[in-house]
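Provided herewith is a single structure, encoded as structure tokens, for subsequent inquiry.
The values are calculated or read from the model by the stated rules, or taken from the named source; none is laboratory data. Just so it is clear, the structure is predicted and the values come from calculations on it, not from any experiment. Methodologically, a virtual Cβ is constructed for each residue, glycine included, from the backbone with ideal geometry; neighbour enumeration extends over all protein chains shown.
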Amino acid sequence: MVVAELVVLAVVARCVETIPALRYPSKMPIAWTGPQRQRVQRALRDHPADSGRCEQAARRIWPTAHERDAAAQIWQLWPADEDASFVIPKAPAGVLWYIHYTVEAEQHCIDALTGVDGTPRDSYLETHWKAPDQLRWVPDEELTT
Amino acid sequence: MTAGERRLLEFLGGRLEAMLHRPDQWGPPLVVEQLVLQLLEMRALVLDPAAAVNQKHRIIRSFVRFMKESVPDATPEPLALQLERQGRGAELANILRKFVDRELIEATGEKLQAAEGLDQQEQPGDPAIERAERLLELLEGKAKARMRRAAPPRVDPVDLGSRKS
């Protein structure tokens, strides 16, 4: 009985180690290496949220994100329907963006709103955006063409 | 094309011309930009009512791409705000005009080419011919607006002889 339990625990530990979905309990930051973190921080420092340069930040972050996650991609955020022109973040106040860009890697979104630690994708809209149900994800054209 | 559609196209063309000719009379720069984009959306809908693509998103996608070509270090923020930040606020109308003209070509250029190709086999109610007709109506509206602006104001002469003391 004890041996069986130990085997089960070992299998579960191995699954957690190898399956990204299980590696991050919901609030943990993305686990950059030291050099990766520095590169991402530099990109975010050069293109802060109130600069509007979210696309430039995303294009600089993506190669580093891709080192960690081969499926890393850049998303565009758009208003969900025809009745809005802008996407509005909770902070910084007063900005107006036709589109926003964010990088997804290991189930986290990373951009100037989340900071270097990223925000889990499934809570990203509610955490950082006004009217989160009025937004839609669009794959970035430059990466997909 | 119905008379109502024709009238609407003429109105849209004239209104766009008026806003770009004297933008300061239509509100702050950001408001002018939004009004122009909405008029473009309406124009695209009239020119191609059967389009399945979301016109607003198509126009904004095109506008963001256009801003990258027209403004150094462009961002997906309103053009008006970016130009103000760069001390180029006075250029908004000229740059918007370029986008308005380009949008017209994008919205109808393919249809015109298709219409030209179909000249020999013109069928009544052909969608390509109809859209080409809409484009011509729109250009006629723009031309009329320009002529109104260019013409000297009409002043009726005062008849001094009819005054009684």
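Only one of (1) farther than 24 Å from A:E82 by Cα; (2) more than 10 Å from every other protein chain (Cβ to nearest Cβ); (3) not basic (K, R) fails for B:F99. Which number is that?
With (1) farther than 24 Å from A:E82 by Cα; (2) more than 10 Å from every other protein chain (Cβ to nearest Cβ); (3) not basic (K, R) applied to B:F99, the lone miss is (1).
Among (1) of a type in the set (S, T, N, Q); (2) within 14 Å of chain B (Cβ to nearest Cβ); (3) more than 12 Å from the chain's Cα centre (by Cα), there is one condition A:T64 misses while meeting the rest; what is its number?
That leaves (2) as the condition not met.
Shifting gears a bit: Do we find a residue being part of a helix (DSSP H, G or I), surrounded by 15 or more Cβ atoms within 10 Å (Cβ to Cβ), of a type in the set (D, E, K, R) and within 17 Å of the chain's Cα centre (by Cα) anywhere in the stretch B:16-26?
Scanning the stretch B:16-26 turns up at least one residue that is part of a helix (DSSP H, G or I), surrounded by 15 or more Cβ atoms within 10 Å (Cβ to Cβ), of a type in the set (D, E, K, R) and within 17 Å of the chain's Cα centre (by Cα).
Condition first: in contact with a His (Cβ under 8 Å, 6 or more places away or on another chain) and closer than 22 Å to A:T102 by Cβ. Now tell me which residues in the stretch B:63-106 satisfy that.
Answer for the stretch B:63-106, where residues must be in contact with a His (Cβ under 8 Å, 6 or more places away or on another chain) and closer than 22 Å to A:T102 by Cβ: just B:P76.
Additional query: Can you tell me which residue in the stretch A:1-30 is modelled with the highest pLDDT, limited to those that are outside any helix (DSSP H, G or I) and surrounded by fewer than 13 Cβ atoms within 10 Å (Cβ to Cβ)?
By that ranking, first place goes to A:M28.
Any chance you could count how many residues in the stretch B:45-97 are among the charged types (D, E, K, R) and in contact with a Phe, Trp or Tyr (Cβ under 8 Å, 6 or more places away or on another chain)? Break it down into steps so the answer makes sense when it comes.
Of all residues in the stretch B:45-97, those among the charged types (D, E, K, R) come to B:48, B:56, B:58, B:61, B:65, B:68-69, B:73, B:77, B:84-85, B:88, B:91, B:97.
Filter once more, keeping what is in contact with a Phe, Trp or Tyr (Cβ under 8 Å, 6 or more places away or on another chain): B:77.
Count: 1.
Let me ask something else. List pairs: first residue in the stretch A:118-135 and within 18 Å of A:A31 (Cβ to Cβ), second residue part of a helix (DSSP H, G or I) anywhere in the structure, Cβ distance under 6 angstrom, at least six positions apart or on different chains.
Within 6 Å, the pairs are A:T119/A:T127.
Whether any residue in the stretch A:81-95 is of a type in the set (A, V, I, L, M, F, W, C), farther than 26 Å from B:R85 by Cβ and in contact (Cβ under 8 Å) with a residue 24 or more places away in the chain is what I want to check.
no
Given (1) at positive phi; (2) touching a strand residue (DSSP E or B) at 6+ places or on another chain (Cβ under 7 Å); (3) not small (G, A, S), where does A:E106 come up short, assuming only one miss?
Unmet for A:E106, out of (1) at positive phi; (2) touching a strand residue (DSSP E or B) at 6+ places or on another chain (Cβ under 7 Å); (3) not small (G, A, S): (2).
For the stretch A:71-81, state whether one or more residues are within 14 Å of the chain's Cα centre (by Cα) and within 12 Å of chain B (Cβ to nearest Cβ).
Yes: the stretch A:71-81 contains one or more residues that are within 14 Å of the chain's Cα centre (by Cα) and within 12 Å of chain B (Cβ to nearest Cβ).
May I pose another question? For the stretch A:23-50, which positions are farther than 19 Å from A:Y124 by Cα and either of a type outside the set (S, T, N, Q) or free of Cβ contacts under 8 Å to residues at least 12 places away in the same chain (or both)?
A:T33, A:G34, A:P35, A:R37, A:Q38, A:R39, A:R42, A:A43, A:R45, A:D46, A:H47
Pick from the stretch B:63-93 the residues that are without any contact (Cβ under 8 Å) to a residue 12 or more places away in the chain and assigned to a helix (DSSP H, G or I): which of them is farthest from the other protein chains (Cβ to nearest Cβ)?
Checked the stretch B:63-93; the qualifying residue farthest from the other protein chains (Cβ to nearest Cβ) is B:A90.
Could you tell me whether any residue of the stretch B:51-62 is without any contact (Cβ under 8 Å) to a residue 40 or more places away in the chain, small (G, A, S), in contact with a Leu (Cβ under 8 Å, 6 or more places away or on another chain) and not in a helix (DSSP H, G or I)?
Checked against the condition, which is being without any contact (Cβ under 8 Å) to a residue 40 or more places away in the chain, small (G, A, S), in contact with a Leu (Cβ under 8 Å, 6 or more places away or on another chain) and not in a helix (DSSP H, G or I), the stretch B:51-62 yields at least one hit.
Do we have A:Y101 as closer than 23 Å to B:N54 by Cβ and modelled with pLDDT of 95 or more here?
Considered against the rule, which asks whether it is closer than 23 Å to B:N54 by Cβ and modelled with pLDDT of 95 or more, A:Y101 comes out as yes.
Another question, if that's okay. Filter the stretch B:34-62 down to the residues that are within 12 Å of chain A (Cβ to nearest Cβ) and more than 12 Å from the chain's Cα centre (by Cα) and list them by number.
B:Q34, B:L45, B:V53, B:N54, B:Q55, B:K56, B:H57, B:R58, B:I59, B:I60, B:R61, B:S62
Where residues in the stretch A:114-137 are under 18 Å from the mean Cα position of the chain (by Cα) and within 14 Å of chain B (Cβ to nearest Cβ), which of them is surrounded by the most Cβ atoms within 10 Å (Cβ to Cβ)?
The qualifying residue surrounded by the most Cβ atoms within 10 Å (Cβ to Cβ) is A:L135.
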